[in-house]
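The values are calculated or read from the model by the stated rules, or taken from the named source; none is laboratory data. All figures in this text were calculated on a predicted structure; none of them were measured in a lab. All Cβ positions, even for glycine, are placed from backbone atoms using ideal geometry, and neighbour counts span all protein chains on display. Only protein heavy atoms, including side chains, enter the accessible area calculation; ligands, DNA and RNA are left aside. Shrake-Rupley method; radii C 1.70, N 1.55, O 1.52, S 1.80 Å.
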Amino acid sequence: MSQQNLVSIIMPAYNADKYIRDGIESVLSQTYQEWELLIVNDCSQDSTAKIVEEYCAQDDRIKFYHNEENSGPAMTRNNAINRAKGRFIAFLDSDDIWLPEKLDKQVSAMMAKRYPFTYTGYHRISEDGMIAGRRISVPEQLNYSQLLRNTAIVTSSVVLDIDAVGKIKMKNTYYDDYACWLDVMKRGIVAHCINEDLVEYRVASSSVSRNKINSAIQVWKTYRSIERLGLLTSAWCFAGYALNALQKYKKF
């Protein structure tokens, strides 16, 4: 049985020593303090482990685990998900940052309105964190068919009520997070937005998401190989995805 007010925060980490302090500090700064932070090290070769161990010694809510071999983000997230004790599962990538009221506002809304799945607005920051982009507004809610045409949900903004959505598991695919949200929504779950700027999404120069052509190819593969949509349906969804992506990325 999950602990009713506990938020289990899932953080995969691979060679994250440049940014992971900022991510951990943003969790420690949350106004909502009933959480556990599960960090899984995917065989980092830098000082990621040393940094996390320092924080573990300071706060026993921070739990640190290691993959036996480099496994990629999906399996690394699953390693943490399988250890989670909370009713709520939240995701925070090691290079992103939460604003202080992020968890408080989401959990409060989820408890009051019985939302099973929430996400938030956000803004981008440059790799060095010195440049902040515009606020990105997101749809008020998304169901399965809407999400197929709009990849608006940033992973670091998501909170799921596991008691309501059931068991979750990341698929070992390029967009493991997107595939997971689609899987959840196919159960009839609707995701609701807390349309406030509550996440700083770091855009690293090495980030695969900056390769727009490759991203588009992977979305198409999600339609055809994961969701097994027909050609015409895939084309219709892809047109919506492309239009929304252009709107999202037209300005930093």
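Looking at region 1-22, I want the residues that are under 26 Å from PHE117 (Cβ atoms) and hydroxyl-bearing (Ser, Thr, Tyr) and have a partner that is assigned to a strand (DSSP E or B) and open to solvent by 20 Å² or more (accessible area, probe 1.4 Å) with Cβ atoms under 7 Å, at least 6 apart or on another chain. Which pairs are those?
Once the first residue is under 26 Å from PHE117 (Cβ atoms) and hydroxyl-bearing (Ser, Thr, Tyr) and sits in region 1-22, its partners that are assigned to a strand (DSSP E or B) and open to solvent by 20 Å² or more (accessible area, probe 1.4 Å) give SER2/ARG87.
Would you be able to tell me the number of residues in region 176-189 that are over 20 Å from ILE9 (Cβ atoms) and either at pLDDT below 95 or not in a loop (DSSP other than H, G, I, E, B) (or both)? Let's see the steps before the verdict.
Applying the first criterion (over 20 Å from ILE9 (Cβ atoms)) to region 176-189 yields 179, 182-183, 185-189.
Keeping just the survivors that are either at pLDDT below 95 or not in a loop (DSSP other than H, G, I, E, B) (or both) gives 179, 182-183, 185.
Within region 176-189, residues that are over 20 Å from ILE9 (Cβ atoms) and either at pLDDT below 95 or not in a loop (DSSP other than H, G, I, E, B) (or both) number 4.
I'd like the residue in region 219-252 that is farther than 14 Å from ARG149 by Cα and of a type outside the set (Lys, Arg) and, out of all such residues, is surrounded by the most Cβ atoms within 10 Å (Cβ to Cβ).
Among residues in region 219-252 that are farther than 14 Å from ARG149 by Cα and of a type outside the set (Lys, Arg), the one surrounded by the most Cβ atoms within 10 Å (Cβ to Cβ) is ILE226.
Tell me whether region 99-106 contains one or more residues that are at pLDDT below 95, under 20 Å from VAL190 (Cβ atoms) and within 15 Å of the chain's Cα centre (by Cα). It would help to see each step written out before you state the result.
Step one: filter region 99-106 for residues at pLDDT below 95, giving none.
So far as region 99-106 goes, no, none of its residues is at pLDDT below 95, under 20 Å from VAL190 (Cβ atoms) and within 15 Å of the chain's Cα centre (by Cα).
Could you list, in sequence order, the residues of region 137-166 that are in a loop (DSSP other than H, G, I, E, B) and either open to solvent by less than 50 Å² (accessible area, probe 1.4 Å) or at pLDDT below 95 (or both)?
Within region 137-166, the first condition is being in a loop (DSSP other than H, G, I, E, B), and the residues that meet it are 137-140, 143, 149-154, 158, 166.
Those that are in a loop (DSSP other than H, G, I, E, B) and either open to solvent by less than 50 Å² (accessible area, probe 1.4 Å) or at pLDDT below 95 (or both): SER137, VAL138, PRO139, ASN150, THR151, ALA152, ILE153, VAL154, VAL158, GLY166.
For region 62-72, does any single residue satisfy the condition of being among the hydrophobic types (A, V, I, L, M, F, W, C) and more than 20 Å from GLY166 (Cα to Cα)?
Residues of region 62-72 among the hydrophobic types (A, V, I, L, M, F, W, C): 62, 64.
Restricting the remaining residues to those that are more than 20 Å from GLY166 (Cα to Cα) gives 62, 64.
Taking every residue of region 62-72 in turn, at least one turns out to be among the hydrophobic types (A, V, I, L, M, F, W, C) and more than 20 Å from GLY166 (Cα to Cα).
Spot the failing condition for TRP220; the list is (1) free of Cβ contacts under 8 Å to residues at least 12 places away in the same chain; (2) over 30 Å from LYS85 (Cα atoms), and only one is missed.
Going through the list (1) free of Cβ contacts under 8 Å to residues at least 12 places away in the same chain; (2) over 30 Å from LYS85 (Cα atoms), TRP220 breaks only (1).
TYR119 - would you say it is in contact with an Asp or Glu (Cβ under 8 Å, 6 or more places away or on another chain), modelled with pLDDT of 95 or more and aromatic (Phe, Trp, Tyr)? Full working, then the answer.
Numbers: in contact with an Asp or Glu (Cβ under 8 Å, 6 or more places away or on another chain): no; modelled with pLDDT of 95 or more: yes; aromatic (Phe, Trp, Tyr): yes.
Spelling it out, it is not the case that TYR119 is in contact with an Asp or Glu (Cβ under 8 Å, 6 or more places away or on another chain), modelled with pLDDT of 95 or more and aromatic (Phe, Trp, Tyr).
Does TYR178 meet the test of being within 30 Å of ASP104 (Cβ to Cβ) and either under 15 Å from the mean Cα position of the chain (by Cα) or open to solvent by 20 Å² or more (accessible area, probe 1.4 Å) (or both)? Working first, answer last.
On the way: within 30 Å of ASP104 (Cβ to Cβ): yes; either under 15 Å from the mean Cα position of the chain (by Cα) or open to solvent by 20 Å² or more (accessible area, probe 1.4 Å) (or both): yes.
It is true that TYR178 is within 30 Å of ASP104 (Cβ to Cβ) and either under 15 Å from the mean Cα position of the chain (by Cα) or open to solvent by 20 Å² or more (accessible area, probe 1.4 Å) (or both).
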